[in-house]
Amino acid sequence: MQVAGIGLDAANRSPIVLLRDPSGRRQVPIWIDQDQAQNILAGLDGRRPVRPLSHDLMADLIEAGDLKLERVIIHAIEDNTFRAVLKLLKAGVESLELDARPSDAIALALRCGSGIWMLEEVVGDASIPVDAEADAEEKADFRRFLERTSPAELIRHLSKGGGAVVTEEGEETGGQQGSAPGPEEEPAEGSPGAGEPRP
């Protein structure tokens, strides 16, 4: 997930951090307080204060302890509250997972240059479409394509083009079976990060 920015709730003016999925079509709003918003904004800007703030100090402690923040994983919603863990690595030691508030995890990930992951089921439950009109237009284009293409033309197109097909969601699938692994591995089964995280 990418930090798309900080917004304000129109109803009560509470800050919201917006996380956007890799496709850019869905984003997940997480309500935070003013201090958390400032910590995340400072991480986005890359500013280093004269005296370290709490998250700057945490990043320094991770480095001093010869640890690496591999990623943060937002893995659940319980009682309308997001749950997150920090996945830390140390040479010669198994990875460690520490419970954290999502706002702290995001602020720390920005300072450490670490990935922000969210399980697909959490994205599915909490996301809002970024551009619903564009999605509707793509589906309408696909239906128009089907209406003016006969089955015989479609088969000829597939045999000439190597088997590529555009699905109703607008995604292109290749003629070969299987898919290449993603750029980041999934968390180990049984951990809070198990499932289908989104980078």
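The numbers here are math on the coordinates, done by the rules we state, and not lab data. Predicted model, so just to flag it, every value in this text is computed and none were measured. Please note: Cβ atoms are built from the backbone with ideal geometry, for glycine as well, and neighbour counts cover all protein chains shown.
Peptide packing: for 103-115, 14-26, the average count of neighbouring Cβ atoms within 10 Å per residue gives the ranking 103-115, 14-26, highest mean first.
Compared with the direct C-alpha span, the chain from LEU96 to LEU61 gains 11.1 nm at full extension, assuming 0.36 nm per residue. A simple spin-label model places the labels of TRP31 and ASP9 0.2 nm from each other, with each point 7 Å out along Cα-to-Cβ. Net charge near GLY113, counting Lys/Arg +1 and Asp/Glu -1 over other residues with Cβ under 13 Å of its Cβ? That works out to +1.
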